[in-house]
1. List pairs: first residue in region 129-156 and of a type in the set (Gly, Ala, Ser) and part of a helix (DSSP H, G or I), second residue modelled with pLDDT of 95 or more and open to solvent by 10 Å² or more (accessible area, probe 1.4 Å) anywhere in the structure, Cβ distance under 8 angstrom, at least six positions apart or on different chains.
2. Determine which single condition Val3 fails, assuming it passes every other condition in (1) farther than 27 Å from Arg267 by Cβ; (2) open to solvent by 10 Å² or more (accessible area, probe 1.4 Å).
3. Pull up region 54-68, narrow it to residues that are assigned to a helix (DSSP H, G or I) and loosely packed, with under 10 Cβ neighbours inside 10 Å, then point me to the one that is modelled with the lowest pLDDT.
4. Here are some conditions: (1) modelled with pLDDT of 95 or more; (2) open to solvent by less than 30 Å² (accessible area, probe 1.4 Å); (3) of a type outside the set (S, T, N, Q). Pro245 meets all but one. Which one does it not meet?
5. Please count how many residues of region 4-53 are part of a loop (DSSP other than H, G, I, E, B), within 23 Å of the chain's Cα centre (by Cα) and closer than 24 Å to Gly315 by Cα.
6. Which numbered condition in (1) farther than 16 Å from Met288 by Cα; (2) among the β-branched types (Val, Ile, Thr); (3) outside any helix (DSSP H, G or I) is the only one that Ile229 fails?
7. If a residue has to be closer than 26 Å to Gly156 by Cα and more than 19 Å from the chain's Cα centre (by Cα) to count, how many in region 281-328 make the cut?
8. Within region 243-258, does at least one residue satisfy the condition of being over 20 Å from the mean Cα position of the chain (by Cα) and farther than 28 Å from Ala166 by Cβ?
Amino acid sequence: MKVHPQQLIPGCLIIKDVMGQTLTPIIPKNTVVEPIHLQVLKKFKVLEVEVANKLVNGDVFETDQQEVITEEQEMPFYEQYVDVVKKTEDLFKSWDHRSKVDVQKIRELIYPLIEQGENKSDVLLKMHHYNKPENYFYYHIVSMPVIATFLAKQLGYSSKERLNIALAAFLSDIGMLKDQEDIYLQNRNLTQEEFKKIRQHPVESYRFIEKLPVHQDVKVAVLQHHERIDGSGYPMGVKTDKIHPFANIIAVSDIFHAMTSERVYRRKQSPYKVVEELMKEHIDKLDMKVLNQLVKSIVNFSNGTQVKLSNNEYGTIVFTDERHPTRPLVKLAKDQEIINLIEDKSIYIEEIL
């Protein structure tokens with residue numbers, strides 16, 4: 001919907017670049033509104049902005065319909081996503097370590113979302129924007145099955161297999177509920193005891209679902225989603241062919257979302273920067289078939305693609321070297337200078353426009 005900036009509240013999602021008397025956006029799309037943005041809009045005397053129908057916390061964005069400038073613009077995936085996050089938080093907070101997990105309710109909650117998400121080519125590039133750092137845990141739980149099923153579909157897994165992968169991804173961190181201490185949100189170095197508890201959460205997650213009527217593949221994937229092919233993972237330190245393929249997909253999805261998302265102790269990172277880091281730092285730890293599919297799904301540039309760079313410059317891709325797919329030649333909008341991202345490692349692609 002289009003609204004006057006005075007109608008905005010923190011938590012609104014801007015879905016179209018806000019332009020001022022500038023060549024570049026004063027506020028880019030997929031920005032979650034904070035008080036500073038309201039000040040910027042007032043300073044630039046912006047008269048209207050386009051926002052989603054729901055806030056990032058899943059609540060409906062209510063405004064005086066008399067003042068709405070145009071009809072509401074649908075944004076189904078985003079709205080369904082934040083709604084599932086909100087319901088997931090409510091669901092998890094109603095459980096404790098004695099509760100029986102309602103698998104049917106989980107299926108009803110996530111399957112419509114993942115069925116939509118696995119067909120959206122840009123889902124991997126957008127979800128990290130839809131995140132409130134203080135509630136990161138719940139956004140992460142919902143994002144993992146969406147990313148995992150998208151990758152699984154690209155890798156040729158059947159519909160039935162993808163649904164099991166989604167369920168396993170959603171349940172993989174349920175063991176963190178056991179202590180109810182929010183260790184994973186602490187803005188400080190963890191104690192040795194806290195670190196040990198975190199490394200045990202796959203076991204606790206497995207125990208939650210061990211006797212439930214779900215496929216054995218789901219249970220094994222939950223137990224192994226932090227294992228690594230070089231044996232450096234946990235909780236058992238198994239290697240390569242001892243790790244279930246579903247667990248390998250969830251592992252890549254888990255790390256990718258965690259690294260791109262804003263946390264209470266770290267700002268969000270560009271998906272393009274993250275895949276570079278994964279290919280450099282995790283190449284011997286993650287399944288290369290899954291990792292290559294992630295890179296292929298994200299890095300699909302063509303000449304003429306407009307981009308925003310990490311130094312806040314805007315430009316157009318003019319050439320991409322297949323050996324360095326995340327580091328093309330970019331012609332800058334402001335002065336037409338062509339920069340080679342292979343040579344300048346300090347700059348990377350922030351967004352596709």
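The values are calculated or read from the model by the stated rules, or taken from the named source; none is laboratory data. Model, not experiment: these values are computed from the prediction. Neighbour counts are summed over all protein chains in view; Cβ atoms, including those assigned to glycine, are modelled from backbone coordinates with ideal geometry. We work out accessible area using only protein heavy atoms, side chains counted, and drop any ligands, DNA or RNA first. Shrake-Rupley method; radii C 1.70, N 1.55, O 1.52, S 1.80 Å.
1. Matching pairs, first to second residue: Ala152/Glu161; Ala152/Arg162.
2. It fails just one condition, (2).
3. Filtering first and then ranking leaves Gln66.
4. (2)
5. 6
6. All conditions are met except number (1).
7. Selection size over region 281-328: 12.
8. Looking through region 243-258, none of the residues is over 20 Å from the mean Cα position of the chain (by Cα) and farther than 28 Å from Ala166 by Cβ.
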